[in-house]
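Participant: Could you have a look at this structure, given as structure tokens, before my questions?
Each value in this text was obtained by applying a stated rule to the coordinates, not by laboratory testing. For clarity, every value in this text was computed on a predicted model and none was experimentally measured. Cβ placement follows ideal geometry from the backbone for every residue including glycine, while neighbour counts extend to all protein chains displayed.
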Amino acid sequence: MSKKLLGAVLVAATLAAPVVLAGEGESCSGDKATHAASKSAVKDVTITQVASLQKEKKVTVLDANGADFRKQNGIIPGAVLLTHFQKYDVAKELPATKDSKLVFYCANTQCKASHAAAEKALEAGYTDVSVLPDGLLGWKKSGQPTASVAPQS
């Protein structure tokens, strides 16, 4: 197989690979949507790294989960709750400073809503964007604290 053809096959296979996203009111274990994976400058961070950055007040943690998932499972304390993982308002929901350290999370390693939210931040010009792949369920499993979501009025 020629290098050109092999490259085209690899690109097509990459674009066809579905990843799971959670929408408003969904969890990654519930209704599923698909989205083509993309290569980017989004970095992965560990639970230990996020906990440390929070203690040092050097990070904005952003929750990309839906409202129902948050209600059932809680959130990482201090997290900014995005209105929607893909349709959130960058100007209203992210820090004004484009070099702010941002960490997005969703449900778990199977969920890719945090990746979609992080990609949107990169597209908006943010330069220090990470994802917590273990998500909230990994955070809880590791013994980290969670907070309840205040009821909407």
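Participant: Going by amide H atoms built from the backbone, whose H comes under 5 Å of the H on residue 130, apart from near neighbours?
Facilitator: Placed amide hydrogens put 43, 102, 103, 104 under 5 Å from residue 130.
Participant: Which value, in debye to the nearest 20, gives the size of the charge dipole of segment 80-153 about its Cα centre, when Lys and Arg are +1 and Asp and Glu are -1 at the Cβ?
Facilitator: Dipole magnitude for segment 80-153 comes out near 200 debye.
Participant: Moving on to the next point. Once amide H atoms are built 1.01 Å from N in the peptide plane, which residues 5 or more positions from residue 81, or in another chain, come under 5 Å H to H?
Facilitator: 63
Participant: Take the alpha carbon gyration tensor of segment 52-120, find the square roots of its eigenvalues, order them as a ≥ b ≥ c, and report rounded if a/c is under 1.5; if not, report prolate when a/b exceeds b/c, else oblate.
Facilitator: Note, shape of segment 52-120 comes out oblate.
Participant: Of the options 115, 130, 148, report the single residue whose Cα projects farthest towards the positive end of the charge dipole of segment 97-153 (beta-carbon charges: Lys, Arg +1; Asp, Glu -1).
Facilitator: 148
Participant: Work through the residues other than residue 109 whose Cβ is under 14 Å from its Cβ and net out their charges, Lys, Arg +1 and Asp, Glu -1.
Facilitator: In short, +1.
Participant: Let me ask another. Please report how far the C-alpha centroid of segment 57-80 lies from that of segment 98-135, rounded to the nearest whole angstrom.
Facilitator: 12 Å
Participant: Quick one: Karplus J couplings for segment 51-67, per residue in order, coefficients 6.51, -1.76, 1.60, θ = phi - 60°, nearest Hz, x for Gly and Pro?
Facilitator: Per-residue couplings from phi come out as 4, 5, 4, 5, 4, 7, 6, 10, 8, 10, 9, 10, 8, 9, 7, x, 4 Hz.
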